[in-house]
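Following: one structure in structure tokens, then a few remarks.
Nothing in this text is a laboratory measurement; each read-out follows from the coordinates by a stated rule. This is a predicted model, so every value here is computed, not measured. In this analysis, Cβ positions are derived from the backbone assuming ideal geometry, glycine residues included, and neighbour counts consider all displayed protein chains.
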Amino acid sequence: MEPELTLELDGRAYAWTGEGWCAAADHIQPPAAIAQRLNALVRELNLERQQRLVSHVRYLQEIGVPYRGVQARRGCVRVTYCWRCKHDLDNRFDDECISCGWILCGCGACGCRH
Ligand SMILES: [Zn+2]
Ligand SMILES: [Zn+2]
């Protein structure tokens, strides 16, 4: 099954699409203030890993690569940065894509099709 992330805020459910939040009921993007509160909630509930996973699946869908899952670090420690958004990456904390072995970024990118 594909990973999902849905949170409830002020009695409304919001789903993480991989790029942003949308209301589960009408798929409308909430205002920035709501999105910020949802992101704060993600940190508070320690759901960042799940959020990253959903973003990763979305990235793979965009480039047409099947999702095979992620794994914790297998080899040596690697500290690098994301080719797509230049964010710092560290496989002591971040999962790796099973298909390409690259470290997953919060933007969803791995090394598949790079
Ligand atoms: Zn990135
Ligand atoms: Zn990959």
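All of (1) part of a loop (DSSP other than H, G, I, E, B); (2) loosely packed, with under 15 Cβ neighbours inside 10 Å hold for residue 13 with one exception: (1).
If you go through region 79-94 and keep only what is more than 21 Å from residue 21 (Cα to Cα) and within 15 Å of ligand 1 (Cβ to nearest atom), you end up with 79, 80, 81, 82, 83, 86, 88, 89, 90, 91, 93, 94. No other residue among 29, 51 is surrounded by 13 or more Cβ atoms within 10 Å (Cβ to Cβ) and either within 21 Å of residue 113 (Cβ to Cβ) or within 16 Å of ligand 1 (Cβ to nearest atom) (or both) apart from 51. Note on region 21-114: enclosed strands (runs of 3 or more DSSP E) holding 3 or more residues that are over 30 Å from residue 11 (Cα atoms) and out of contact with any Gly (no Cβ under 7 Å at 6 or more places or on another chain) are 79-81, 88-90.
What do you reckon, is residue 65 touching a residue at least 12 places away in the same chain (Cβ under 8 Å), aliphatic (A, V, I, L, M), away from ligand 2 (no atom under 15 Å from the Cβ) and over 15 Å from residue 7 (Cα atoms)?
The answer is no for residue 65.
Among the residues here, residue 6 qualifies as of a type in the set (S, T, N, Q), exposed (fewer than 14 other Cβ atoms within 10 Å of the Cβ) and in contact (Cβ under 8 Å) with a residue 12 or more places away in the chain. Consider residue 38 carefully, then state whether it is of a type in the set (A, V, I, L, M, F, W, C) and in contact with a helix residue (DSSP H, G or I) (Cβ under 8 Å, 6 or more places away or on another chain). For residue 38, the condition - of a type in the set (A, V, I, L, M, F, W, C) and in contact with a helix residue (DSSP H, G or I) (Cβ under 8 Å, 6 or more places away or on another chain) - is not met.
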